[in-house]
Amino acid sequence: MKKLILIVFFVFLLAILIILNIKATKKEKVVEIEVVKKNFIQETVKAYGFLEAKRQVEIGSEVIGKIKKILVSKGDLVKSGDLICVIDPTEYQAQRDRIKVILEQDLYELNLAKLDYERERNLFEKKLISQKEFEVAEARLKSILFRIKQDSFNLKESENRLLKCFIRSPIDGEIMEIYKKEGETVVPGTINNPASLIMVIGDKSKMIAKCEVDETEIPKIKKGQKVKIKVDAFPDTTFSGSVSRIGGVRASSFGQSQIQQTTKFPVEIEVNEKFDLFLPGMSVSCEIITAEKESTITLPYSALGREKVENKEQEEFNTFLFILKNKRAKKVNVKTGIRGLKRIEILSGLNVYDTVITGPEEVLKKLKDGEKVVVKSLDKRK
């Protein structure tokens, strides 16, 4: 009987010890850790847009008229100066011819006026006519000279209008798109209305990506920065490029209400590679590399916390983390640098081989300085 009582007592005592051990374990927070080492880190800014030929020209008309002939097709290669479109020149030829006739008449009248002037001058010098009669002949000669000058300008203008009926390519390139057909009427542009767009010519040997960047990111963008470019049409290939221009004018945001609208700025990225399958208008996503370091201390974002600095008139925050020291969490203030996609650079406050508590998030939120912790074992992570 005594033996049975002893066995029951030892079992009871063992149960109490197990319960106390479980309670003690529950008080200790189980954490995940990472040993500090140096890594490569890269900060990027995302930008979205579309491809466009670096030299791309919209061809419109500078005169009113019907398209008589389009001499190219989509995809044709053209040289600078090649005739590509003809606007019906009939009316402009007639205008030029009318002014030519008027100018011929002016020249005929000029000859008569010169003879009349010389005759009147001789008579005036011999005191045979009055000064007023001489001045009338002189005024008639000057009037015809002024008219000839004006009609010469009119002839030049009419010849320029006639030349504009014959539209030539301003660059070497490819016909990207043709928007008009033969027989359609085109008009020149005004301050309020653009000219009729006939076609687009582009030099595809050099392409650019026209993108938009959020105003919060635009201060990071600098001309010449390297860019990784993904074209939606070729998802398995990454192309390289560089920032060539940063626009100072806010980009338009169509299809958004005033509440939803975010301010974006235009950024142009030059594509390094020549790729024959590129087409203007293809969608692109770009990663602009704004900063990078080859060997620096980095940590996952989950390791960091922020707290408001007390006794400060302006709102300021400290960035902190916990390192593992003698099985306890030690709070350390740190300064951060480059912000990568998943990790962030630590500029000060840490040393290589320090052990940093990186998670779990719900534990880190409640963790206190000096609190005892238990490291999660590797097999428990699986």
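The values are calculated or read from the model by the stated rules, or taken from the named source; none is laboratory data. Quick caveat, the model's predicted, so the values are computed rather than measured. Ideal geometry is used to build each Cβ from the backbone, glycine not excepted, and the neighbour counts take in all protein chains shown. These accessible areas exclude ligands, DNA and RNA; they are computed on the full protein's heavy atoms, side chains included. Shrake-Rupley method; radii C 1.70, N 1.55, O 1.52, S 1.80 Å.
For this structure, a couple of remarks:
- Gly359 vs. criteria closer than 25 Å to Lys220 by Cα and surrounded by 14 or more Cβ atoms within 10 Å (Cβ to Cβ): no
- Within region 229-246, being within 14 Å of the chain's Cα centre (by Cα) and open to solvent by 60 Å² or more (accessible area, probe 1.4 Å) holds for Arg245, Ile246.
- Wholly enclosed strands (runs of 3 or more DSSP E) of region 31-102 bearing at least 3 residues open to solvent by 90 Å² or more (accessible area, probe 1.4 Å) and farther than 20 Å from Leu197 by Cα: 38-60
- Top-ranked residue of region 341-366 - restricted to ones that are assigned to a loop (DSSP other than H, G, I, E, B) and out of contact with any helix residue (DSSP H, G or I) (no Cβ under 9 Å at 6 or more places or on another chain), ranked as nearest to Val31 (Cα to Cα): Asp354
- Count of region 296-314 residues which are in contact with a strand residue (DSSP E or B) (Cβ under 7 Å, 6 or more places away or on another chain) and open to solvent by 80 Å² or more (accessible area, probe 1.4 Å): 2
- Failed item, numbered, when Glu135 is tested on (1) open to solvent by 70 Å² or more (accessible area, probe 1.4 Å); (2) closer than 30 Å to Ile87 by Cβ: (2)
- Check on Glu120, open to solvent by 60 Å² or more (accessible area, probe 1.4 Å) and over 41 Å from the mean Cα position of the chain (by Cα): no
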